[in-house]
Every structure is written in structure tokens, then in C-alpha cells.
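Below is one structure, written out as C-alpha cells, with a few remarks after it.
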Amino acid sequence: MLTKNQKKIVLLLGALVAVVSVGYSFYFRIRPAVDARAYNDIAWNITQGNGYRESLDIPLSEDKSIVRVGPGYEFFLAGIFFAFGHHLEAVWVIQALLMVFSFFLVFMFSREVFKENWSYYFGLASAVLIGFSPDLITMQGMLMAETLGVFLVILTSYLFFRYYNNPLRPFWLVILLGLSLGAAGIVRTPALALFLPMAFYFVWNRNYMRFLIFIFAVIVLFIPWTIRNYNIFNRFIPTNAVGGYNLFIGNHHGASGEQGDDLFKAADNYESQLGYIKASDKETSEAIHFIVANPLEFFTITLKRINIYFSFARPNGFWFHLHGLSKVLTLISSSIYSVVLFTLGFWGVLQIPKLGVENKKRGWFLLFFLVMMPLSIVGLVVETRYRFLSYPFFAIFAGLAVEDIIRRRIFWKPALIVASLLFINTAIDILRNFGRIIDKIKTL
């Protein structure tokens with residue numbers, strides 16, 4: 001149990017998360033651009049009764065909305081617009097609230113995972129790393145899917161460990177878990193990778209009936225959207241058709257592991273000549289052919305993507321609304337944040353074998369959850385914001401490391417090994433992509 005003062009501190013920090021998030025949004029007042037503009041247009045069209053579409057000037061079957069990330073975030077925005085009108089201020093406030101909910105959920109989530117090793121400072125450290133993340137604060141000030149996606153990943157993972165720790169294994173909790181995972185997947189498709197560790201849990205424990213209920217709860221949210229897409233495109237599309245594009249951009253001779261300009265033109269030509277759905281089929285086919293014909297090169301590119309994913313030299317701050325000092329401060333804070341999050345996070349992972357039996361079991365499951373996040377994208381392309389879904393899991397493992405530091409159980413050797421490997425990984429990224437990194441620095 002927390003003391004009165006501890007509860008007050010947690011509540012005050014939660015309120016501060018709200019103030020910082022809302023303050024950031026209203027200070028910069030970021031107007032929708034590129035992907036955010038598309039999400040905004042689609043959401044407003046839904047609200048106006050025009051359906052899920054980006055443009056009213058072309059047939060729905062040719063509309064670009066099907067290759068946008070979604071559809072969950074667009075419907076989320078549409079709900080806000082329907083309730084409050086087409087006002088970005090309402091989105092900023094609600095996304096700030098999602099940051100607050102994420103802060104409190106991570107605090108409770110960490111306690112569900114590491115019960116015997118958990119303490120107030122453990123939970124607080126984990127929650128602070130999410131609530132005051134410079135990366136997540138930046139994203140919630142824009143119309144981007146990551147804020148809602150991260151919240152739903154946290155909620156889903158929290159519900160799973162609540163179920164894990166509940167000896168009654170209630171059916172209603174299984175249904176909530178499935179619906180939460182389905183919602184997370186509709187917002188950010190890589191979140192569906194969490195299905196694998198959850199499925200493993202149900203099957204390993206022979207909870208077959210609950211597993212079937214869980215599966216139904218996951219897919220029920222996809223059914224109306226899948227039927228809609230089949231009627232329009234005559235294809236099975238449970239989320240969107242952007243997968244072929246990402247697979248194609250990330251897998252070709254000389255691929256860098258991240259998005260670049262080399263194949264953008266080819267992808268655009270496919271889309272203009274074939275339409276978005278057939279272009280996605282073509283892109284998928286070419287990417288698979290490349291992977292099958294060049295397994296060693298695919299493996300090498302995948303290593304490059306892993307290198308980028310965990311590099312400290314990939315701060316989140318090269319956004320169009322940032323200039324001068326604000327951009328410099330964002331880049332510095334984001335870099336420092338990645339050093340702290342990844343170093344303490346991996347340090348916490350190394351403590352799993354030293355835990356008690358039950359904590360160890362839950363710790364391995366949490367690691368399973370963590371591994372699925374980079375695994376879901378390293379076969380495609382990697383950008384800094386693509387790693388945000390892993391942040392909650394790193395934050396909880398970082399809390400475990402903080403607990404060790406507070407209790408003076410510091411294992412210096414593994415800590416130094418983790419830090420050294422991460423800095424070596426960053427040095428490799430800088431050496432491989434020195435020109436690209438310098439070009440970005442020149443924009444400061």
C-alpha cells in the first residue's frame with residue numbers, strides 16, 4: 001500500500017504530465033501535414049457522412065486512404081470531431097489525457113509484473129519514463145497514431161498481467177483483453193504481434209475455451225472493416241494495404257534499413273499505373289522475390305534495421321514545426337532519453353534470472369512482449385517513431401534497474417556491458433550513416 005504522501009506525489013506528477021502535454025500542444029499549435037493531414041481529412045470526411053476516404057474527387061476504390069496507417073486512429077479522430085467539432089484543440093487535450101492515463105497505467109502495470117520486487121520508486125521511475133518522455137510528448141502534440149497506439153499497448157499488456165495474476169481467470173477479463181488487443185492492432189498493426197505471447201500463455205496452460213473467446217474478441221472489431229474493404233476492393237484487407245509498400249521500400253538491393261528516396265519513385269509509379277491495391281500486390285511480390293533470392297542480403301539489411309532501432313543517434317526531433325533552439329533541445333532531450341531508457345531497460349532485463357520464481361515467470365513474459373515489438377517491424381523499415389510501441393516495456397524493465405540502484409544491488413559488470421554494447425551499436429550506426437546524419441544536423 002502507498003502512503004498518503006506517495007499517493008499525492010503520483011497524482012501531482014500525473015497532473016504535471018497533463019500540464020506539460022497540453023502546454024506543448026498549445027504552444028506549438030502544430031497544423032496537420034503529410035500523414036497527419038491525411039488522417040485529419042479522412043476523419044473529417046467520416047464525420048461529414050462521406051465515408052472513410054481522403055478525397056471526394058475520385059472513386060472510393062481509387063482513394064489513397066486504404067494505404068494510410070489505420071483505420072483505428074482516423075475513427076478515433078472522427079469521434080472527437082463529432083463530439084467537439086473540427087477543432088484540433090479538442091484532439092490535443094484528449095491526447096494529453098491519454099498521456100496521463102498511460103502514466104498511471106504504467107505505474108500499475110509495473111506492480112502487476114514484478115509484485116515481490118516492486119516498490120513505489122520502481123513504479124514511479126517506470127511511469128515517469130513514459131509520462132515525461134520527450135518523444136511521446138512531441139507526438140501527442142500532432143495528429144499521429146502513436147499516442148493512441150502506445151496507450152492501447154499499455155492497456156492491453158496491463159489487462160494481460162491482471163488476468164495472469166487473477167486465480168479465477170474471469171471470462172470478462174479475457175473479452176476485455178481481446179477487445180483491447182484488437183483495438184491496438186486497428187490503430188497500429190505491429191501491436192498485433194502481442195498476440196503471439198498471449199496465445200502461447202493460453203495454449204501452454206491449456207485454457208483452450210478462453211483462448212477461443214480471446215481470439216473472437218480480437219477479431220470481432222475487424223469484421224465490419226474487413227467486409228467493407230472486400231465490398232470495395234474485392235480483397236481480404238483487415239487493416240490497410242500499406243504493408244506491401246513498406247516491405248518493398250525496405251527490401252531491395254542496397255537497402256539502408258530505413259526509408260529513403262531510392263524506391264519512392266518506383267513505388268509512386270506502381271501506384272499511378274496500377275492503383276493502390278494492385279501496386280501493393282506488385283510491391284509485395286517484388287519484395288518477397290528479393291528476400292527469397294537474396295537471403296543473405298536480407299539478413300544483412302535486417303541487421304542494419306536492428307542497428308538503427310537501438311541507436312542513440314536516432315533522436316525524435318526532426319519535425320517541421322521545430323526550429324532553432326526548440327529543435328536543438330528536442331534532439332538533445334530525445335537522445336538522452338534513449339540512452340536512459342535503453343540502458344536501464346536492458347539492465348533490468350538482465351536481472352530476470354535473479355528474481356524469485358513467480359517474478360521470473362512474469363519477467364520472461366514481459367520480455368516476450370518486448371521482443372515482439374522490434375520483431376514486428378525489423379523485416380520492413382525502421383524509423384525512430386516505429387520503436388515507440390516498445391517504450392512501455394523498456395520503461396518497466398528500467399524501473400527494475402532503478403529498484404536495484406536504490407537498494408544498492410548494483411551489478412556493475414552487466415550494467416557496463418549493456419551500456420558499452422549500446423554505445424558500440426550507436427557508433428556503428430553513425431559510421432554507416434555518417435552522411436545522412438550530417439545532412440540532418442545541417443538542418444538545425
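Throughout, read-outs are computed from the coordinates displayed, never taken from laboratory work. Note that the coordinates shown come from a computational prediction; the quantities given were computed from them, not determined experimentally. Cβ: placed from backbone, ideal geometry, glycine included. Neighbour counts: every protein chain shown.
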Within the range 292-331: backbone nitrogen closer than 18 Å to the L274 label point (7 Å, Cα to C-beta): 292-293
Residue-wise HN-Hα coupling along the range 210-223, computed from phi with Karplus coefficients 6.51, -1.76, 1.60 (Hz; x: Gly, Pro): 5, 5, 5, 4, 4, 4, 4, 5, 5, 7, 4, 6, 7, 4
Selected from G363, Q273, A83, residue furthest toward positive end of dipole (the chain; charges at beta carbon): G363
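Mind checking the dipole of the chain: about its Cα centre, +1 per Lys or Arg Cβ, -1 per Asp or Glu Cβ, Debye to the nearest 20? Display every interim value, and only then the final one.
Numbers: 39 positive and 27 negative charges, 339 e Å.
That gives a dipole near 1620 debye.
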Label point distance in nm, L56-N166, each placed 7 Å from Cα along Cα→Cβ: 4.6
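Among T343, T284, T300, which comes first, then next, by fewest other beta-carbon atoms within 10 Å? Could the numbers behind the result be given before it?
Details: T343 21, T284 17, T300 12.
The most exposed by this proxy come first: T300, T284, T343.
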For the chain, built as a Gaussian network whose Cα springs stay under 10 Å, the top-fluctuating residue of S272, S335, S21: S272
Zone of F101's modelled label, taken as backbone nitrogen in the range 65-83 under 18 Å from a point 7 Å along Cα→Cβ: 71-83
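Hey, can you rank 412-420, 177-185 by average C-beta count inside 10 Å, highest first?
Details: 412-420: 13.3, 177-185: 23.7.
With the highest mean Cβ count within 10 Å placed first, the list reads 177-185, 412-420.
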Extension reserve of the L367-R235 stretch, reckoned as 0.36 nm per residue once the Cα distance is removed: 44.0 nm
Ascending count of other beta-carbon atoms within 10 Å, so fewest first, for E297, E146: E297, E146
Shape parameters for the range 4-441, alpha-carbon atoms, Rg then Dmax in Å: 21.7, 65
For the chain, built as a Gaussian network whose Cα springs stay under 10 Å, the top-fluctuating residue of L355, L77, L97: L355
Most mobile of A395, A96, A287 in a GNM of the chain (Cα contacts under 10 Å): A287
Two-site label geometry, F434 and T226: point separation in nm, points 7 Å out along Cα→Cβ: 5.1
